[in-house]
């Protein structure tokens, strides 16, 4: 029982990332009818927002520390971040330490801006073009974005730690009545799951309970009629694109402590997120979220020692196998409806 | 001629001439001149022109005719490579059986993937093929290379070792891929003044195979089967209403193009007996899409042109470094020289992928018909009014719904 629970928990963080990316993909596909192959790149840009903020905050100058000496007896030169000079060592140090959560605030405007620029600058011109062209141009954009990031940040993963207060582990088992030390779980992953749940809830609430969301849903159902009613649906869809970009970006920001970001992390996640979207049912937002968590948990079960010794490497291909089975038995996906986004 | 009409026959003759004379034509600069780095007439690159030409011709049969955009064709290339190297390992270094086996394996593989992927069309098809290619990559990279069952040799790549059985290998045969005893590395150097031309058997094997499959592609384009595939692209629904089941045709196109990819993969392994998982990576699939689009999807000559251009640029661009750039811009005043070098630096050398992405976007945005369409546009400018009038007439004749 505790093993099963542990694997479910392990699957939650990856599942959260899949769900967030798939949610953004579905939003963009549902509103604009465009398949965004650059969505993984948005996830990656989000992660590098965290890296950038961390670097900006720890931007430092060299000072001579009189109290310490090096091995020759000379006063030691130390790198001192400017921010510690401005706010004092304690507050400054805390700000640097909390750079990943702070990057959420930094990433939202950046990602919404990137999303607007992408939609207005490029994707807008591709609504009338065939799907193949849309796929190709966003694919090209993904390569370009990825290579730009590689040029500035290098090809190696960049460690971006979580704040100390959130980087330990908790004994979840003891909390809910299992034996002590049976289910120990990294705290940050719980934070990530809670964060993902919050974002998903917020997006659904926004679509369900606001007038803006209602108009967007109406536009998804019948764009033309909404346009004929005198509503500027294009502008709202652009805003939705910005929101979808921000969701992907935030997923990336919070993922950095779990997996140090590198320039090709986006594409690795994108392929799986596409599978998630197809399994969940194209155009179905709850389907995307559900399939994201399900496949994340499934992958975590396939990574157990028992599974990998029985069938070596099953953890690498399980998601694809499940996708094949789902497509063969239920071509519309888990929650896809008849007649919605059929081709 | 060969059952081709006059226009196709001329095109085919032209391609034959270009391919066979390539070692001359692509070496226009003397060996010790400063421009020698733009020469492309050396065996390694020439082989890749022909091999990726085959790959792109095959991809075009699927994408250009039926409009199904596969994002996973590199998987078949990889399967072909692995199959060919296994033939080398088990039997002998002879190229021919290896290539045949590569094509067969790729065909089986593409029947499997095609059968599942073709259950959906449009974007779903692209996503599915991409997912399958990534799965094949994961399989080749780690899953199928465990100590119990080592099919792909993982990160190192599959290669031939001395301990392999090679049961048909005899004394006197070269320890390299060969065609009935003639090594693929056999070359003949021709020195004419400052020029030096290299004729390589490996290249000519690739070239002759490319010409054969190019001929087959022309025949396929002009056949009733080709018309059927075009009908799938232009209006699949209407075709279904006329009582035709489109799926077997699409699957056939998918398998044929998968076999072309397997052939290309087999040839890659035949020129250099090594197969690695990175050949199946999604960037490789993207590259063949780009080759086809850049040349012109749906045209006969386009994919070959695109493949040649991309491989040539990859080769040249990745060789340019800062020193070369400084040489080029040395005529500018000092400050400007540095500015130009800094501006271009990210795009050359290791930045080839960035250049590739930028070209990709530019071609899709501005020239979706590729180079062939670009050439036609320029030709129309020169032929002037008459060409334009003809064009207008042809666009007016839309079929009645």
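Send over the per residue convex hull volume for the range B:233-285, Cα only, as a whole number of Å³.
95 Å³
Is the shape of the range B:6-315 best called rounded, prolate or oblate, per the rule: a/c under 1.5 gives rounded, else a/b larger than b/c gives prolate, else oblate, with a ≥ b ≥ c the square roots of the Cα gyration tensor eigenvalues?
In terms of gyration-tensor shape, oblate.
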By the mean-Cβ-within-10 Å protection proxy, highest first, B:10-17, A:23-30 rank as A:23-30, B:10-17
Using helices alone, I'd like the mean residue ellipticity at 222 nm for chain B: each DSSP H run of four-plus residues gives -39500 (n - 2.57), total over residue count, nearest 500. -20500 deg cm²/dmol
Most mobile of B:184, B:324, B:160 in a GNM of chain B (Cα contacts under 10 Å): B:324
Helix axis angle, A:131-153 relative to chain A longest principal axis, alpha carbon, degrees: 0 degrees
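Residue by residue through B:132-145, how many Cβ atoms from other chains fall within 10 Å of the Cβ on average?
4
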Förster radius 56 Å - calculated FRET efficiency between residue B:17 and residue A:229, Cβ distance, rounded to 0.05: 0.30
Value of relative contact order over the range A:83-208, rounded to a whole percent, pairs C-alpha under 8 Å and six or more apart: 17 percent
Could you tell me how many degrees, from 0 to 90 and to the nearest 10, lie between the Cα long axis of helix A:99-121 and the main elongation axis, the longest principal axis, of the Cα atoms of chain A? 40 degrees
Is the shape of the range B:125-193 best called rounded, prolate or oblate, per the rule: a/c under 1.5 gives rounded, else a/b larger than b/c gives prolate, else oblate, with a ≥ b ≥ c the square roots of the Cα gyration tensor eigenvalues? oblate
222 nm [θ] for chain A, helices only, -39500 (n - 2.57) per DSSP H run of 4+, per residue, to 500? -23000 deg cm²/dmol
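Given the convex hull of the Cα atoms of the protein assembly as shown, what is a quarter of its surface area in nm²?
43.8 nm²
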Roughly how far apart, in whole Å, are the Cα centres of the range B:115-165 and the range B:19-74? 25 Å
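Tell me the relative contact order for chain A as a rounded percent, counting alpha carbon contacts under 8 Å between residues six or more apart. Can you show the working numbers first?
Numbers: 530 pairs, mean separation 114.6, N = 343.
For chain A, the relative contact order is 33 percent.
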Ranked highest first by the average count of other Cβ atoms within 10 Å around their residues, in what order do A:278-290, A:32-44, B:336-348 fall? A:32-44, A:278-290, B:336-348
Quick one: grab the alpha carbon gyration tensor of chain A, order the square roots of its eigenvalues as a ≥ b ≥ c, and give me rounded if a/c is under 1.5, else prolate or oblate depending on whether a/b is larger than b/c. oblate
One finds the C-alpha centres of the range B:272-329 and the range A:243-277 to be spaced, in Å, by 28 Å
Taking Cα atoms, the helix A:187-209 axis meets the longest principal axis of chain A at an angle in degrees (rounded to 10) of 40 degrees
Ranked by GNM mean-square fluctuation in chain A (Cα springs under 10 Å), the top entry among A:51, A:63, A:137 is A:63
Peptide A:322-329, shielding by other chains (average Cβ, 10 Å cutoff): 3
For chain B, what does the relative contact order come out to in percent, with C-alpha contacts under 8 Å and a separation of six or more? 27 percent
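For B:340-347, what's the mean count of beta carbons from other chains sitting within 10 Å of each residue's beta carbon?
1
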Mind telling me which of B:154, B:258, B:193 comes out most flexible in a GNM of chain B, alpha-carbon contacts under 10 Å? B:193
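Every number here is computed from the coordinates shown, using simple stated rules; none is lab data. Here the structure is a predicted model, which means the values were calculated and not measured. Don't worry about glycine lacking a Cβ; one is built from the backbone with ideal geometry, like all the others, and counts go over all protein chains shown.
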